[in-house]
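Following: one structure in structure tokens, then a few remarks.
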Amino acid sequence: MYRYIDADLYCEGISLRDIAEAYGAPLYVYSASLIRERAGQLTRALSDIDDLLIAYSVKVNNNLTLLKMMTELSFGADIISAGELYKYLKAGGDPRKAVFAGVAKSREELVYALTHGVFMINAESIPEIIRINDVAKERGVIAPVGVRINPDVEARTHAKITTGRRGVKFGISVQNLLTSAEMLKQLKNIDIIGVDVHIGSQILSPEPFLAAMSAIAGVTAELRKEGFNIRAADLGGGFGIPYNKKDRPFDFNRYKAAATPILKAMGTKIILEPGRFLVGESGVLLLKVEYIKSEWGKTFVITNGGMNDYIRSAMYDAYNEFYPLTLRDGSITCDIVGTVCETSDIFAAERKISTVEEGDYIALMDAGAYGFSMASRYNARPLAAEVLVDGDNVKLIRRRENLDDLTDTDG
Ligand SMILES: Cc1ncc(COP(=O)(O)O)c(C=O)c1O
């Protein structure tokens with residue numbers, strides 16, 4: 001959906017330079033067609049599963065318009081806070097398709113989730129299960145619970161986005177869960193309906209998922225032996241995308257062939273919580289080149305965006321491709337940096353890109369996931385705007401913040 005026509009970079013039918021000139025920079029642009037295409041790809045990979053819930057992971061990008069798109073695709077939601085449930089409901093989402101994860105759910109959040117009737121609360125610890133039981137008892141209801149296990153499998157991804165290894169805060173170890181089984185049976189206001197796992201993000205091969213599926217199948221069998229009526233298996237998210245155009249995309253054919261028999265044999269509803277795969281490649285962050293500076297024998301392309309707009313480079317050493325919106329002759333090797341007052345505010349080091357000049361725009365590619373949703377106002381920088389392109393149409397889906405917004409909570 002992003003391609004050059006002559007020297008200009010287009011998103012679907014519209015020149016990105018026209019968009020940047022109309023809406024300014026930094027600016028998030030999303031391609032609606034690409035989101036629909038990725039949704040179709042994923043749905044096809046899971047087409048042999050009868051009882052399937054795709055629960056879009058709201059944390060990845062919670063723009064209301066994108067959430068509405070997800071609900072129109074009949075997707076549910078993986079939520080992590082009352083705020084995410086609130087936004088999902090505002091977008092017309094069905095609470096009965098929402099699963100609620102997170103290690104620190106407060107009583108208030110549990111009440112909120114129970115009041116709205118979420119499908120399953122994925123508990124991340126034994127104390128949390130006890131709390132869910134208490135809250136449900138106070139309200140005279142039975143809470144549907146999924147137990148998030150930590151299967152201790154290697155996700156083959158960045159350490160900071162690995163969540164299913166021993167020693168991290170997520171999930172319950174299988175051993176602890178099984179030794180707690182007798183106690184859990186005494187809790188009369190919960191119904192343990194599911195088992196859940198999420199081993200990490202940006203996973204580019206099927207094997208770690210298959211390992212997690214085996215773990216979850218084993219736990220399901222053990223829990224059933226104990227008398228729990230397990231009806232749902234939540235496999236979490238994690239499908240990766242090729243940020244570096246030299247990377248191979250996730251092989252859904254291989255995944256489908258290997259995963260389908262395991263998932264069918266579970267005899268449960270199957271839930272997946274994809275995020276990055278659905279929206280990552282659809283988004284770009286447009287940046288304006290403010291200065292080009294030469295020092296220390298290097299060239300710095302200084303943009304008007306920063307780590308407050310897009311933190312993945314600083315936080316995870318993430319790689320993104322950079323494409324100028326208008327191609328000029330020649331190329332330069334440069335550090336592409338932001339405006340924030342931190343040395344770590346660097347998007348790319350020693351990167352060869354097509355020549356740019358002061359005032360040009362460049363696109364940080366594949367910025368749709370964990371981009372705007374992780375943005376902050378650090379350095380008192382108002383949040384960027386977001387637009388959605390669909391064919392030849394472009395729509396503002398979040399206005400750019402102004403200086404007044406910086407004091408909107410009187411602080
Ligand atoms: C519980 C849970 N589910 C789903 C996701 C979405 O992961 P991804 O964007 O890699 O699909 C995350 C994010 O790491 C998560 O924590």
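Between Pro208, Ile192, Gly330, whose Cα lies farthest towards the positive end of the dipole of the chain when Lys and Arg beta carbons carry +1 and Asp and Glu beta carbons carry -1, centred on the Cα centre?
After comparing all options, I get Ile192.
Keeping all protein chains in the complex and leaving out DNA, RNA and ligands, what accessible area do you get for Thr409 with a 1.4 Å probe, in Å² to the nearest 10?
Spelled out: Thr409, probe radius 1.4 Å, area about 110 Å².
What nm distance separates the two modelled labels at Tyr378 and Val111, each placed 7 Å from Cα along Cα→Cβ?
Distance between the two pseudo-spin positions: 3.5 nm.
To make sure I understand the rule: partners must be aspartates and glutamates, Cα under 17 Å from the Cα of Lys264, and not fewer than 8 residues away in the same chain. Which ones qualify?
Reachable aspartates and glutamates: Asp48, Asp50, Asp51, Asp196, Asp234.
Tell me, what is the percent relative contact order of the chain, built from C-alpha pairs under 8 Å that lie six or more residues apart?
Result for the chain is 19 percent.
What is the gain in length, in nm to one decimal, between Asp335 and Ser15 on full extension, counting 0.36 nm per residue of separation less the C-alpha to C-alpha distance?
112.6 nm
From the square roots a ≥ b ≥ c of the eigenvalues of the alpha-carbon gyration tensor of the stretch 89-161, which class results: rounded (a/c under 1.5), prolate (a/b over b/c), or oblate?
Note, shape of the stretch 89-161 comes out oblate.
If DNA, RNA and ligands are ignored and the probe is 1.4 Å, what is the ranking of Cys341, Cys334 by accessible area, most exposed first?
Ranked list, largest accessible area first: Cys341, Cys334.
How big is the Rg/Rh ratio for the stretch 169-267, C-alpha atoms only, Rh by Kirkwood, two decimals?
Rg/Rh for the stretch 169-267 comes to 1.06.
Ignoring solvent entirely, what values of log10 I(q)/I(0) come out of the Debye formula for the stretch 208-250 at 0.14, 0.19 Å⁻¹ when each Cα is a single scatterer?
Log10 I(q)/I(0), no solvent term: -0.48, -0.66.
Run the simple label-point estimate for Asp404 and Lys90 please: 7 Å along Cα→C-beta, distance reported in nm.
In this crude spin-label approximation the distance works out to 1.9 nm.
What number, in nm² with one decimal, is the all-direction average of the projected area of the convex hull of the alpha-carbon atoms of the chain?
Quarter of the Cα hull surface area: 21.0 nm².
Which of rounded, prolate, oblate describes the stretch 46-277, given a ≥ b ≥ c as roots of the alpha-carbon gyration tensor eigenvalues and a/c under 1.5 marking rounded, otherwise prolate only if a/b is larger than b/c?
Since a/c reaches 1.5 but b/c is at least a/b, the shape of the stretch 46-277 is classed as oblate.
Given 10 °C and 1.306 mPa s, compute D for the stretch 36-146 with the Stokes-Einstein relation, Rh being the Kirkwood radius over Cα pairs; round to the nearest whole µm²/s.
Estimated diffusion coefficient is 110 µm²/s.
Which percent of the Cα-Cα distances in the stretch 288-371 go past 23 Å?
Across the stretch 288-371, Cα pairs with separations above 23 Å total 14 percent.
So for Thr355, Thr407, Thr179, what's the accessible-area order with a 1.4 Å probe, most first?
Per-residue accessible area, sorted high to low, gives Thr179, Thr407, Thr355.
Can you give the net charge of the other residues whose Cβ lies under 13 Å from the Cβ of Leu325, counting K and R as +1 and D and E as -1?
Local net charge: -2.
So how strong a dipole does the chain carry about its Cα centre when Lys and Arg Cβ are +1 and Asp and Glu Cβ are -1, to the nearest 20 debye?
Result for the chain is approximately 1240 debye, rounded to the nearest 20.
Which of the helices in the chain, when you take each full DSSP H run, stretch at least 24 Å along the axis at their Cα atoms and have an average Kyte-Doolittle score of 0.5 or higher?
TM-like helix candidates: 207-225.
Of Lys137/Lys188; Lys160/Lys245; Lys59/Lys137; Lys68/Lys395; Lys160/Lys288; Lys105/Lys225, which pairs sit farther than 18 Å apart, going by alpha carbon to alpha carbon?
Lys160/Lys245; Lys59/Lys137; Lys160/Lys288; Lys105/Lys225
What's the center-to-center distance, using Cα atoms, between the stretch 44-65 and the stretch 115-171 in Å?
Each part reduced to its Cα centre gives a spacing of 19 Å.
Simple spin-label model, 7 Å along Cα-to-Cβ: Asp152 to Val168 in nm?
In this crude spin-label approximation the distance works out to 1.6 nm.
Is the shape of the stretch 357-401 rounded, prolate or oblate, going by the alpha carbon gyration tensor and its root eigenvalues a ≥ b ≥ c, with a/c under 1.5 for rounded and a/b larger than b/c for prolate?
Because a/c hits 1.5 or more and a/b fails to exceed b/c, the stretch 357-401 counts as oblate.
Report the charge-dipole magnitude of the stretch 46-277 in Debye, nearest 20, computed about the Cα centre from +1 at each Lys and Arg Cβ and -1 at each Asp and Glu Cβ.
Rounded to the nearest 20 debye, it is 380 debye.
Order Lys169, Lys87 by their accessible area, 1.4 angstrom probe, all chains in place, largest first.
Heavy-atom accessible area, descending, gives Lys169, Lys87.
The values are calculated or read from the model by the stated rules, or taken from the named source; none is laboratory data. Owing to the predicted nature of the structure, the values given are computational and were not obtained by experimental measurement. In this analysis, Cβ positions are derived from the backbone assuming ideal geometry, glycine residues included, and neighbour counts consider all displayed protein chains. Areas reflect the complete protein model, heavy atoms only, side chains present, ligands, DNA and RNA absent. Shrake-Rupley method; radii C 1.70, N 1.55, O 1.52, S 1.80 Å.
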